[in-house]
1. For V29, only one of the following conditions fails: (1) closer than 26 Å to M239 by Cβ; (2) open to solvent by 60 Å² or more (accessible area, probe 1.4 Å); (3) assigned to a helix (DSSP H, G or I); (4) of a type in the set (V, I, T). What is its number?
2. Tell me, which residue of the range 171-200 that is under 17 Å from V143 (Cβ atoms) and free of Cβ contacts under 8 Å to residues at least 24 places away in the same chain is least open to solvent (accessible area, probe 1.4 Å)?
3. State whether one or more residues within the range 88-100 are touching a residue at least 12 places away in the same chain (Cβ under 8 Å), over 18 Å from H21 (Cβ atoms) and open to solvent by 20 Å² or more (accessible area, probe 1.4 Å).
4. Among the candidates S107, S114, which residue alone is open to solvent by 50 Å² or more (accessible area, probe 1.4 Å) and farther than 15 Å from L233 by Cα?
5. Taking V11 as the residue in question, decide whether it is within 15 Å of the chain's Cα centre (by Cα) and buried (at least 21 other Cβ atoms within 10 Å of the Cβ).
6. So I95 clears everything in (1) within 22 Å of K219 (Cα to Cα); (2) over 15 Å from the mean Cα position of the chain (by Cα) except one condition, right? Which one?
7. Is it the case that some residue within the range 1-10 is over 18 Å from R154 (Cβ atoms) and in contact with a Gly (Cβ under 7 Å, 6 or more places away or on another chain)?
8. Looking only at the range 133-159, which residues are open to solvent by less than 60 Å² (accessible area, probe 1.4 Å) and out of contact with any Ser or Thr (no Cβ under 6 Å at 6 or more places or on another chain)?
Amino acid sequence: MKKLNAFQIKVFALIVMLMDHLWFAFPHVFPIWFHPLSRLVSPVFAFLLVEGFFHTRSRLKYNIRLWGWATFMQVGDMVMNVALKSKGVTVHNNIFATLALGLTIISLIEYSKSKNGASKLILMTLAILLLPLGIFTEGGIAVLPFILITYSFRGNNKKQIIGYIILSILLFATSYNKYPTVKETIDMLMFNSDFLFILVIPFMLMYNGERGMNNKFSKYLFYVFYPLHLWILAIIEFMLK
């Protein structure tokens, strides 16, 4: 039964994201399984990004807003890294940039559908040329293909899931390394666990297609909470060192 709206799914993803970043900042306090569980977080927001793409009033404003927050996050990370450099505390996260890149790519693809000839070719070429930039963004190797699969097969859960399974297998194959002991191998997979993005599937299937809470708070909760909690954790880590 489809029970969850977009806001409810976002709140759950934010909680799991916080758990992961608590483990990353204080690995001796929080359990390592926080990390593999959190592999569903980026796909949750990528899935809702695609949904938002088809429901937003202005795709251009959507792109500008996301790139604006990506720029803000990047500048903030740079400031934090300079301020906390003396104790080796750094912040390099910026999923905004990954999502913004994915949004721009599917925007170009969608816009090309209304064009013909040279214009269509140029738009598709630009979309293809942007894809390799994913290797420079946080989780881009997994998130960008996820966005493309979600966009391409939107409305067909079966094809989406098949696409996710294929992508998960590919990610597993590229990250798997056999260590001398089973425990070491499992520990490695707990850390290199991008293939577990498929944990997002149940939440997609429970999504009821509704936005849920719709006000300024719900609209900007993710945009504000994401950088703010990372910077606060970095400051706490700096003070404790």
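1. Every listed condition holds for V29 apart from (3).
2. The residue in question is S175.
3. no
4. S114
5. no
6. Of (1) within 22 Å of K219 (Cα to Cα); (2) over 15 Å from the mean Cα position of the chain (by Cα), only one is false for I95: (2).
7. Checking the range 1-10: at least one residue is over 18 Å from R154 (Cβ atoms) and in contact with a Gly (Cβ under 7 Å, 6 or more places away or on another chain).
8. G134, A142, L144, P145, F146, I147, L148, I149, T150, Y151, N156
The values are calculated or read from the model by the stated rules, or taken from the named source; none is laboratory data. Because the structure is a prediction, the values reported are computed rather than measured. Methodologically, a virtual Cβ is constructed for each residue, glycine included, from the backbone with ideal geometry; neighbour enumeration extends over all protein chains shown. Side chains included, ligands, DNA and RNA excluded: accessible areas come from the protein's heavy atoms. Shrake-Rupley method; radii C 1.70, N 1.55, O 1.52, S 1.80 Å.
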